[in-house]
Amino acid sequence: MRYLIIDIGSNTVKYDVFDSCGGKKPVSISHRSRALGIINYIEKGALTPEGMEVLCSTLEDYKRDGEQAGAAILPFATASLRRLDDPLPVLTAIKERTGLSVRLLSGSEEASCSFFGMLSTMNHLPAGGFMADMGGGSTELNRFEKGRSLYLHSCPFGALSVKNAVGAGDAITAREAALAREHVLSLLPRELSSFGRCGKRAVLVGGTAKACRSLAREFLKKKGGNRLSRDDFSALLSRITDPDEQTLERMKELIPQRYHLMGAGMTAFDTIFEVAGTKEILICRGGIREGFLEKTVKGLPFDAIMP
């Protein structure tokens, strides 16, 4: 069986096509992404007509790809639509126009799917640590030991929402970074500071994390870019804060859909690391779409935190 999993995020709307797992780690055989910035179309708690149009036209396009691939099409949304005062009219309108039934994940369901995605794609998962999955509008945290989830939490901030909160442009300034740290600190759970030894090792999941990997390869010359020390991460963040024109242009080439979010996103990550006492950072190739697929194929509840 082939599945096309559509992820309606706050910054990007993307899909991956997977063949049925069959007990093996899921591997995407096709991927598309569009940076729509859905949360920028939310006014007074409602999605604007323009936002509805760009979202539905993208979903119609993706649906055609899925039909051509002979795939079952399974769309879900996260903080992008959770921010609405009443998501039901939007979900109903999407169904009427596109024929797609979008599953709106709660914060805990999103954190659970991300955790499953991490488990299903990490070749060498550390014995203990915590997962941080940062999207455009939310960040999911999950403390774990020996593959078992011990704590999960969905934070109401992401790379795009932090950028908007401090009014940053294409690149974050030192002053905006300081404001971003204050903003993120006010929204982090108190439990993060008590992660103990699990806080020393972070596994990063999601688009912001993968963009960090690309930047580490380029600017730190890290082969693979999947493993960074805290000092490495700090050096990279320093490089992209108040960047020179050459650095910014290279970022645009490497990560065209996310370059403008990286200052805010990496500052938010670094604030998490500071509170948790993180020393080592691992970047996972998979994430929420793999986890959503795993739960769908295995018929598991979306809020279950154990495999």
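The values are calculated or read from the model by the stated rules, or taken from the named source; none is laboratory data. Note that the structure is a prediction, hence the values are computed from the model and not measured. With ideal geometry, Cβ positions are generated from the backbone for all residues, glycine too; neighbour counts draw on all protein chains shown.
Numbers below:
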item	result
Failed item in (1) under 19 Å from Arg175 (Cα atoms); (2) polar (S, T, N, Q); (3) touching a residue at least 60 places away in the same chain (Cβ under 8 Å), with Thr296 passing the rest	(1)
Per-region count, segment 133-147, residues closer than 12 Å to Gly207 by Cα and either part of a strand (DSSP E or B) or not assigned by TED's automatic domain parsing to the domain that holds Phe115 (or both)	3
Single unsatisfied condition, Arg213 versus (1) more than 15 Å from the chain's Cα centre (by Cα); (2) surrounded by fewer than 24 Cβ atoms within 10 Å (Cβ to Cβ)	(1)
Residue selected from segment 130-151 under the condition buried (at least 21 other Cβ atoms within 10 Å of the Cβ) and among the charged types (D, E, K, R), by the criterion nearest to the chain's Cα centre (by Cα)	Asp133
Subset of segment 281-299 [in a loop (DSSP other than H, G, I, E, B) and touching a Ser or Thr at 6+ places or on another chain (Cβ under 9 Å)]	Cys284, Arg285, Gly286, Gly287
Candidates Phe115, Phe130 - the one that is within 30 Å of Leu185 (Cα to Cα) and assigned to a strand (DSSP E or B)	Phe130
Near pairs, Cβ below 9 angstrom, 6+ apart or cross-chain, from segment 157-185 (in contact (Cβ under 8 Å) with a residue 60 or more places away in the chain and assigned to a loop (DSSP other than H, G, I, E, B)) to any residue that is buried (at least 17 other Cβ atoms within 10 Å of the Cβ) and basic (Lys, Arg)	Gly169/Lys163; Ile172/Lys163
Subset of segment 187-228 (residues that are out of contact with any strand residue (DSSP E or B) (no Cβ under 9 Å at 6 or more places or on another chain) and either aromatic (Phe, Trp, Tyr) or not assigned by TED's automatic domain parsing to the domain that holds Phe157 (or both))	Phe219
Test: residue in segment 114-129 that is outside the structural domain of Ile42 (by TED's automatic domain parsing) and under 11 Å from the mean Cα position of the chain (by Cα)	yes
Arg64 vs. criteria farther than 25 Å from Ile29 by Cβ, among the charged types (D, E, K, R) and without any contact (Cβ under 8 Å) to a residue 60 or more places away in the chain	no
So Val184, is it among the β-branched types (Val, Ile, Thr), in contact with a Phe, Trp or Tyr (Cβ under 7 Å, 6 or more places away or on another chain) and either over 28 Å from Asn40 (Cβ atoms) or in the same structural domain as Phe115 (by TED's automatic domain parsing) (or both)	yes
Filter result (surrounded by fewer than 23 Cβ atoms within 10 Å (Cβ to Cβ) and either of a type in the set (A, V, I, L, M) or in contact with a Leu (Cβ under 8 Å, 6 or more places away or on another chain) (or both)) within segment 284-302	Glu294, Thr296, Val297, Leu300, Phe302
Residue check for Ile305: at pLDDT 95 or above, closer than 30 Å to Phe18 by Cα, out of contact with any Pro (no Cβ under 8 Å at 6 or more places or on another chain) and surrounded by fewer than 22 Cβ atoms within 10 Å (Cβ to Cβ)	no
Qualifying residue in segment 252-263 (condition: touching a residue at least 24 places away in the same chain (Cβ under 8 Å), closer than 22 Å to Leu36 by Cα, over 16 Å from the mean Cα position of the chain (by Cα) and surrounded by 20 or more Cβ atoms within 10 Å (Cβ to Cβ))	no
